[in-house]
Ligand SMILES: Nc1ncnc2c1ncn2[C@@H]1O[C@H](COP(=O)(O)OP(=O)(O)OP(=O)(O)O)[C@@H](O)[C@H]1O
């Protein structure tokens, strides 16, 4: 049986090309030949070549062998993992050593025995594959260290609604089905995606996330599929895309509703064909991922509005998990609040307890920012607590800072001038930080805790808004 490999023979002697091709064709799936080394670049761009057999002497400079060295360097500049065997009729040990030092995998002197040629090609092929695999591991490791975060907290809850969620997670985790997680901001969609990955057969593989709310369309494409050096102005080196990084594991696409239509087509094709082509490249890369998407908007509505492709929605929502907002599961508040109290108590070395009346207030509050808001509220109250008691006012500090309706209305209408923030006595506030804090709180309140929408209205990326929310404890 022929081996799946592509070989390229470059020699300006047509007899050598014919003889080599006839011999190698019996053993390898594809054998390409070139009589002019200037065509090497175009050939390598078109085909994934594993081994090049390269003549050392072309007509320009028939005996020194320098031309062979020149083309060897050119090949490795295009793809350092290609195995190159140099061939010459003027063999000597000195040149063999030089060729290997310059990166050739092996050296072959003409005329050769067929057996000798086949053994050299087979060895070079293995060598090239090892080198390619090592390169991929190194590139993936580099990419992974950039996108993987640290330990992930557990998904907590004992309400009926959350028990149902845990049940779906356990069942879905055992399959490779695509999963769509929906829910308001801060309900734990990302945490749920981690939980699925950790319980799945891919748990030992990578978990790679990408927030579609934080990137522009073209950047998203390059992040998803990778890019080749020179594909666009800032592409100074090849970049591995998240699809490739997630191979063997899980790819988590947050805020999938923000993916522009043009990129939706490409994502659909990547999922259907199980391969991606980096931006500026032409060689598809096979991928093996489980896809989990998250959204805090109703995608069927986005489909009805013509903003989201129906075929893509069907492809990504084989299993749907809806995370209930915290206000629909007040039974979970005590568990979560005590969890965060202990967590932040340890972090800030404070021993604090919640009073039953405080718990009742926590249960009654609607938590538009869901679990994220609850955790921030507890963290702030722990930091600012006096003695061993939590101050109820501190727990709800964010609530008391929420803006009045008139300002929300002004904010909602972008064309209406928003007047200065007024203190109680009617004096304008010129403290930028306070104004920023107030405006962000207004936006979040107006969009009912939807971070993406608030970020868009504020002209910030979701990442930038989250950083400010952390800063102001929102
Ligand atoms: N059930 C839960 N148990 C413990 N922590 C939770 C739970 N749900 C959410 N959290 C915490 O709340 C915060 C927000 O969670 P996460 O980022 O998963 O929410 P999200 O729905 O993906 O939010 P967004 O849509 O804004 O990205 C995180 O700190 C997370 O650890």
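Of the residues 248, 230, 226, 205, the single one that is in contact (Cβ under 8 Å) with a residue 12 or more places away in the chain, within 17 Å of residue 279 (Cα to Cα) and surrounded by fewer than 23 Cβ atoms within 10 Å (Cβ to Cβ) is 230. When residue 214 is tested against (1) within 16 Å of the ligand (Cβ to nearest atom); (2) out of contact with any strand residue (DSSP E or B) (no Cβ under 8 Å at 6 or more places or on another chain); (3) modelled with pLDDT of 85 or more, just one condition goes unmet, and that condition is (3). Applying a threshold of 6 Å to beta carbon distances and a minimum spacing of six or more residues, or different chains, the list of pairs starting in the stretch 111-140 at a residue that is in a helix (DSSP H, G or I) and ending at one that is modelled with pLDDT under 70 is empty.
How many residues does the stretch 340-364 hold that are under 23 Å from residue 183 (Cα atoms) and surrounded by fewer than 18 Cβ atoms within 10 Å (Cβ to Cβ)? Give the steps one after another, and end with the answer.
First, pick out the residues of the stretch 340-364 that are under 23 Å from residue 183 (Cα atoms): 340, 362-364.
Of the ones still in play, those that are also surrounded by fewer than 18 Cβ atoms within 10 Å (Cβ to Cβ) are 363-364.
Qualifying residue count, the stretch 340-364: 2.
Please enumerate the residues belonging to the stretch 204-228 that are part of a strand (DSSP E or B) and closer than 24 Å to residue 450 by Cα.
Going through the stretch 204-228, the residues part of a strand (DSSP E or B) turn out to be 207-211, 226-227.
Hits for the stretch 204-228 are 208, 209, 210, 211.
Restricting attention to the stretch 181-193, the residues that are more than 15 Å from residue 289 (Cβ to Cβ) and more than 6 Å from the ligand (Cβ to nearest atom) total 4. Criterion applied to 126, 178 was being more than 14 Å from the ligand (Cβ to nearest atom) and at pLDDT 95 or above, and the one residue passing it is 178.
The values are calculated or read from the model by the stated rules, or taken from the named source; none is laboratory data. Keep in mind that this is a model prediction, so the values were computed, not measured. Here the Cβ is made from the backbone with ideal geometry for all residues, glycine too, and neighbour counts use every protein chain on show.
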